[in-house]
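Here the structure comes first, spelled out in structure tokens, and everything after it is commentary.
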There are 2 protein chains.
Amino acid sequence: MNKLDSTSPRFDLIELFFFAYRDFTGDPDVLLDELGFGRAHHRVLHFVHRNPGLKVSDLLGILKITKQSLGRVLKQLVDEDFICQEPGALDRRQRLLYTTEKGTEFCAQLSKLQSQRINKAISLMPQGSDEIVRQFLYLMIDENERSEVARLIGKQPD
Amino acid sequence: MNKLDSTSPRFDLIELFFFAYRDFTGDPDVLLDELGFGRAHHRVLHFVHRNPGLKVSDLLGILKITKQSLGRVLKQLVDEDFICQEPGALDRRQRLLYTTEKGTEFCAQLSKLQSQRINKAISLMPQGSDEIVRQFLYLMIDENERSEVARLIGKQPD
DNA sequence: TCAAATAAGTCAACATAGCTGACGTATTTT
DNA sequence: AAAATACGTCAGCTATGTTGACTTATTTGA
């Protein structure tokens, strides 16, 4: 029989994942806090920045939250000029989302912090580790969502 | 100059980390929900299970939440017989935490789900990938906390 | 062309899980 | 005996998620 079947407990990775994610998200929290924002604002800002002209309904699909939840943080981000909305050219019911200059700048600061943490980690590891890590994280995503995430990540506008 | 300096944006890994963690924590949510529990309960249950006889103050240190926050979920877990408390033998002010049989069983169900996801991912990857992944996650933790996390994970009671 | 569907926003009420501050009780330390 | 410690608890606040109901503007389709 198999000593390492698919249900063998992986407490080490379970716990490492928990602590790693906590510290990974902890970096931006400091900057967000200074502006009275939280993680919800970060997520919205990030995905709008990465997908300029995003439809509200698509953002809801990415974040998997209700429009009421989104509405609250989105309103703040628009009011404080981090995000702007433009009616769709083809469908004027849509309010396509874009980061303003201020929003783009702030977003860059946040990703810089997180990229630093990632790059520091990778730099201490064997060649090719980033590809392994990417593959692992990708395979941890629900199978039926992988293709959509791949599509989302595929566009490298920066 | 370096094309890949330490601040090069890593949008791919940032986003993969987000989606991977979301689905990773999503598995247990279903079971937790059936019992009226949330992720907070899961975390408490998990770390008590993994560290039988844990002091309340040490649990607070691991979770980095306030005792008021912990108190709420801990009380529920004790009331519903998933966790029990015993006065410390040396210091009777302490209420050392243990999972009950019911708690241990439930905890096993939850870790099984998460381990399945992890093992499925690893099984699709090259030999030795789990070591790379472990190393990456470890290095993503704040430098000054790594040793303590290592200590915590080091004990493999299962 | 007009009715139905769609994209988005909004109001109200609620739940979870974090927070601060203040205070109580039992026990140990000094 | 006083101070410190471990833990618990009360009250109230915040952030971010949820449902359900409803409005407005616009597009689609019978």
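The numbers here are math on the coordinates, done by the rules we state, and not lab data. Nothing here was measured: the structure is a model prediction, and the numbers come from that model. Here the Cβ is made from the backbone with ideal geometry for all residues, glycine too, and neighbour counts use every protein chain on show.
The label point for residue B:34 and the one for residue B:143, both projected 7 Å from the Cα toward the Cβ, are 4.6 nm apart. Per residue of A:111-118, other chain Cβ atoms within 10 Å of the residue Cβ number 6 on average.
Building the convex hull from the alpha-carbon atoms of segment A:1-65 and averaging its projection over directions returns 6.9 nm². Sorted ascending by nearby beta carbons within 10 Å, beginning with the fewest, B:30, B:56 become B:30, B:56.
What does the convex hull of the alpha-carbon atoms of chain A project to on average, in nm²?
Values: hull surface 48.6 nm².
For chain A, averaging the hull's shadow over all directions gives 12.2 nm².
Candidates A:108, A:136, A:124 compared by Cα position along the dipole of segment A:95-138: farthest toward the positive end lies A:108, with charges placed on Cβ. Under a 5 Å amide H cut-off, with hydrogens placed 1.01 Å from N, residue B:83 pairs with B:78, B:100 among residues at least 5 apart or on other chains.
Using only atoms on other chains, find how many Cβ atoms lie within 10 Å of each Cβ of peptide B:127-135 and report the average.
Numbers: counts 0, 2, 6, 5, 2, 10, 10, 5, 8.
Mean inter-chain Cβ contacts per residue within 10 Å come to 5.
Among the residues of A:82-92, the average count of other protein chain beta-carbon atoms within 10 Å of the residue beta-carbon is 0.
Straight Cα distances below 17 angstrom link residue B:64 to the aspartates and glutamates A:15, A:23, A:27, A:29, B:142, B:143, B:145, B:148, with same-chain residues fewer than 8 positions distant left out.
Of interest is the spacing of the C-alpha centroids, which for segment B:3-24 and segment B:43-109 amounts to 33 Å. From largest to smallest, the equivalent ellipsoid semi-axes obtained for segment A:87-158 from the alpha-carbon gyration tensor read 30, 20, 8 Å. Cβ-Cβ distance of residue B:72 and residue A:75, R₀ of 30 Å, FRET efficiency by 1/(1 + (r/R0)^6): the value works out to about 0.50. In this label model, residue A:6 and residue A:22 are separated by 3.0 nm, measuring between points 7 Å along each Cα→Cβ vector. Kirkwood's formula applied to the C-alpha pairs of the protein assembly as shown gives a hydrodynamic radius of 21.4 angstrom. For segment A:1-102, the residue among A:78, A:16, A:26 whose Cα projects farthest onto the positive side of the dipole built from Cβ charges is A:78. Remark: segment B:64-74, residue by residue, has Karplus-estimated 3J(HN,Hα) of 6, 10, 7, 5, 5, 5, 4, x, 4, 6, 4 Hz, where x stands for each Gly or Pro and the curve is 6.51 cos²θ - 1.76 cosθ + 1.60 at θ = phi - 60°. Charge tally around residue A:37: other residues with Cβ under 11 Å, Lys/Arg +1 each, Asp/Glu -1 each, net -2.
For the protein assembly as shown, give the magnitude of the charge dipole about the Cα centre (Cβ charges: +1 Lys/Arg, -1 Asp/Glu; no others), in debye to the nearest 20. Walk me through the intermediate numbers first.
Numbers: 44 positive and 46 negative charges, 52 e Å.
That gives the protein assembly as shown a dipole magnitude of about 240 debye.
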